[in-house]
Each structure stands twice: as C-alpha cells, then as structure tokens.
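Worksheet: one structure, shown below.
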Amino acid sequence: MRIYLDHNATTPVRPEVADAMDVVQRSLFGNASSVHEEGAAAKAECDRARARVASLLRVEPADVLFTGGATEANNTALLGLLAQRTEGPGHLVTTNVEHPSVDAPLEWLERAGWCVTRVPVDAEGRVEEDAVVAAITPETALVSVIWANNETGVLQPVEAIAAAVRDHGVPFHSDATQAVGKVSVDLSSVPVDLLSLSAHKLNGPKGVGCLIARGGIAFEPILLGGPQERRRRGGTENVAGIAGLGVACELAEHELPERSSRYRALRDRLWEGLQAKVPGIRRNGSAVFVLPNSLNVEFEGAAGEILLQALDLEGIAVSSGAACASGTIEPSQVLLAMGRSPEAARGSLRMSVGYGVDEVQIDQLLAVLPDLVERARRASTV
Ligand SMILES: Cc1ncc(COP(=O)(O)O)c(C=O)c1O
C-alpha cells in the first residue's frame, strides 16, 4: 500500500463524493439551461450544490459562481474585475507568495500597463497587515492575498487585511484554495469580496471549483459565449463535478473541527519524529500560523529531488520545494521569498497529510527517512 503525503497537490476523492457524481453521470444528463424536466433536474442538482458551498462558507447561494477550478476562479477575479474599469490601467496590491494562477494574470496586467505592488513576506512566510494597507493608493483597484500558501501552508492574516482593505473602499480577493476544508473559512465575519476555491483540494473532483463573488460585485465574464451562471461564466455546467464539489463541502462543514485536529496530530507526530531522528533539519514557515496538515522541511545538504525519488521508490509520495523547469531544478519562489537560499530551497520537502493517512503510515515514513536522508546527503556531495 502506498503512502500518500501530498494532499496539498491534490486529494483522493471521497466515496460519498464519487457516489453522488455517479448518480448524476448515470441519470441526470440534462443541460442545466434547458427548460424541460431533464434540464430542471440538472439545475436543481447545481442549486443543491450551490447551497452546500454557501453553507460551508456562510455566504448567500447567489454569491457562488461555479468554475472549472481555482485557476479559472483566480483569473476571473483579477481579469474580470479589472476588465470593466474605464479609467485605464491602475494599481494592484498583492504578496510575493501567490500561486501562479494569481501571479500569471497579474504579470499579464503589468504588460497591459498596470502597476503591481507585491508586499514581501517575512522569514516565517507572512505579510504584515499594515504593510498591505500602506501599499494602497488612490489608484488601487484590487487587493489580492492568498489565504494559505500551497507550499508552506502558512496562513496570512486575511481576516485583519480584509477588514482594513474594506475601510479603504477597495475590493478584496483571496485565493483560499488551500484553506477551504482544512481550516474555518467563515465569510460571515470576513469582508472578502471575491474568493477562489477548488474541489480537488478538499476530496472533490478535479476541474471544478468556484469563485465567491459577494454583494453583487460586478465583473466581466472571462469565458464568453453563454448565459450560464447568470451571465458570469459561459459554458454548459459540469453538473457531476458541481454535485461532487457540493458533497465535498457538506462533508467539510460537518467534519471540520475533528478533521483539523486529526490532521494536526498526524503532522505534529511527523515533525516530532523527524526532529528526534534526523539531524540537520529546519522547518520552513510559521509553526503557529499554518494549515494543520502541512509541513515543509529543509534537509540540510540533501537534494530534495533525490529524496523525493527515493521516497517514491519506498512507496511514499511527497513533494519537493523545487520545480523542474526546462530540464533544470528551479528552487521554490516561495521559499526564496522567505529569505531561504537556493540550496536550502532545493533541499526542502513538503509533506501534507489528509484523508486516509494514519499514524502507522507516519511511523513507516519515520522508519525509512533517516537512512534515505543520509544517502541523499552522500549523493548530493558527490
Ligand atoms: C493556492 C492555490 N491556488 C490555485 C490553485 C489552482 O487550482 P486548480 O488546480 O483548481 O486550478 C492551486 C492548486 O494547486 C493552489 O494550491
């Protein structure tokens, strides 16, 4: 049996989710825009899912816009909101640890003449609320801050930032893709205007997510060509995927406190075990303001890629703090933003627990890792 510790990359689909999707695939084939009975049944399924997402996040069902995942939700939030501006390019505020699906549209906007302020994080991976607010100018059209980082799990002070940004009368977006389903994202007390999430990060299917757009905030659709989702997103709805997202949100709502503490206990067992068994390690990012399931560790002198492959051969899936780009190993931009050196970033691994992980598996990892680190260190010096 393999041990999967890469739940920040994607999660296994829960049986309850797969069952709900199966029912839709087999019997609810209608087009949710059709006015006949088959269409109405598909629309009812989407509306049930909409209510479930809204209930988890404490928003109105009308605020939920289904998308093809968080990448699309982030692109819609940034490009769709700013496309309706008539005054020409303005100014945006964000952080230097955003996901590429926020970064890339921002770079596109920069090429179109927009000015982007990227507030730097500290060594713990967090931005200062005051620094974000201080970056706002009269030209600022949007502030976008990731809720929890995908590589480190570090949580940003989104609640405080959202309130301060609201006081300045500027729209606020947060990419909450990693947070939803792992920590409470209760928007009844957080004045977020736009929020992105993805089903496959909370035991739902891939290729579906949503953008929460509150209080009737206006934006241009980025997928043109249909009246779906109240003219905010063209394209026939992925009814099965949407139903799966709905069930995943319902499960998250019921299980959240228990789920968070179970993940935290497993993650802490892993970290304590590593500290006891492996010399020369260092935890990347805040140990306090962090998702309960995430652990990012630097193994001094060991190449993360070698370690990752050695673990894979042992049947254990983790992720490295580096990405392979055009044949070379690029260190993680997030770890570099936190002041780590390229070597330190290349020697880091992300381990993220989730559904199906138990203590026995953590202990199995702890049993093999010291030797693998030793070997990776030797291999990295030759
Ligand atoms: C923080 C964050 N935002 C956005 C995305 C993109 O989500 P999707 O795979 O649904 O497009 C991811 C997925 O890796 C993520 O971790």
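The values are calculated or read from the model by the stated rules, or taken from the named source; none is laboratory data. None of the values given here were measured: they were computed from a predicted structure. All Cβ positions, glycine included, derive from the backbone under ideal geometry; neighbour counts span all protein chains shown. Areas reflect the complete protein model, heavy atoms only, side chains present, ligands, DNA and RNA absent. Shrake-Rupley method; radii C 1.70, N 1.55, O 1.52, S 1.80 Å.
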Practice prompt. Sort out which residues of the stretch 143-179 are within 16 Å of the ligand (Cβ to nearest atom) and of a type in the set (Phe, Trp, Tyr), and write them in order of number.
Written response: 147
Item to complete: Kindly list, by first and then second residue, each pair from a residue in the stretch 65-77 that is under 8 Å from residue 198 (Cα atoms) to a residue that is within 7 Å of the ligand (Cβ to nearest atom) and modelled with pLDDT of 95 or more, limited to pairs with Cβ atoms under 7 Å and residues at least 6 apart or on different chains.
Response: 69/198; 69/209; 70/101; 70/175; 70/177; 70/196; 70/198; 70/209
Discussion item. I'm checking my understanding of the structure. Among residues of the stretch 180-198 that are within 16 Å of the ligand (Cβ to nearest atom) and touching a Lys or Arg at 6+ places or on another chain (Cβ under 9 Å), which one is farthest from residue 242 (Cα to Cα)?
Written reply: 192
Item to complete: Examine the stretch 36-45 for a residue that is closer than 14 Å to residue 205 by Cα, modelled with pLDDT of 95 or more and of a type outside the set (D, E, K, R), and state whether such a residue exists.
Response: no
Discussion item. Which count do you get for residues in the stretch 62-77 that are open to solvent by less than 10 Å² (accessible area, probe 1.4 Å) and more than 8 Å from the ligand (Cβ to nearest atom)?
Written reply: 6
Item to complete: Could you tell me whether residue 88 is within 26 Å of residue 222 (Cβ to Cβ) and out of contact with any Pro (no Cβ under 8 Å at 6 or more places or on another chain)?
Response: yes
Practice prompt. For the stretch 167-176, state whether one or more residues are without any contact (Cβ under 8 Å) to a residue 12 or more places away in the chain, closer than 21 Å to residue 64 by Cβ, open to solvent by 60 Å² or more (accessible area, probe 1.4 Å) and assigned to a loop (DSSP other than H, G, I, E, B).
Written response: no
Item to complete: Return yes when residue 180 is over 16 Å from residue 252 (Cβ atoms) and β-branched (Val, Ile, Thr) and no when it is not.
Response: no
Discussion item. Would you confirm whether or not the stretch 10-21 contains a residue that is touching an Asp or Glu at 6+ places or on another chain (Cβ under 8 Å) and buried (at least 21 other Cβ atoms within 10 Å of the Cβ)?
Written reply: no
Worksheet item: Just checking, which of 70, 83 is under 15 Å from residue 248 (Cβ atoms) and of a type outside the set (Val, Ile, Thr)?
Response: 70
Worksheet entry | Options 10, 95, 117; residue that is out of contact with any helix residue (DSSP H, G or I) (no Cβ under 8 Å at 6 or more places or on another chain) and of a type outside the set (Phe, Trp, Tyr) | 117
Practice prompt. Could you figure out which of (1) in contact (Cβ under 8 Å) with a residue 40 or more places away in the chain; (2) under 25 Å from residue 345 (Cα atoms) isn't true of residue 90?
Written response: (2)
Discussion item. Looking only at the stretch 152-195, filter to residues that are among the polar types (S, T, N, Q) and more than 25 Å from residue 262 (Cα to Cα); which one of those is nearest to the chain's Cα centre (by Cα)?
Written reply: 174
Fill in: Looking only at the stretch 199-252, and only at residues there that are part of a helix (DSSP H, G or I) and within 14 Å of the ligand (Cβ to nearest atom), the one that is surrounded by the most Cβ atoms within 10 Å (Cβ to Cβ)
199
Item to complete: Collect the residues in the stretch 320-336 that are surrounded by 22 or more Cβ atoms within 10 Å (Cβ to Cβ) and either modelled with pLDDT under 95 or assigned to a loop (DSSP other than H, G, I, E, B) (or both), keeping them in residue-number order.
Response: 320, 321, 322, 332
Worksheet item: Which ones in the stretch 24-35 are open to solvent by 70 Å² or more (accessible area, probe 1.4 Å) and touching a residue at least 60 places away in the same chain (Cβ under 8 Å)?
Response: 25
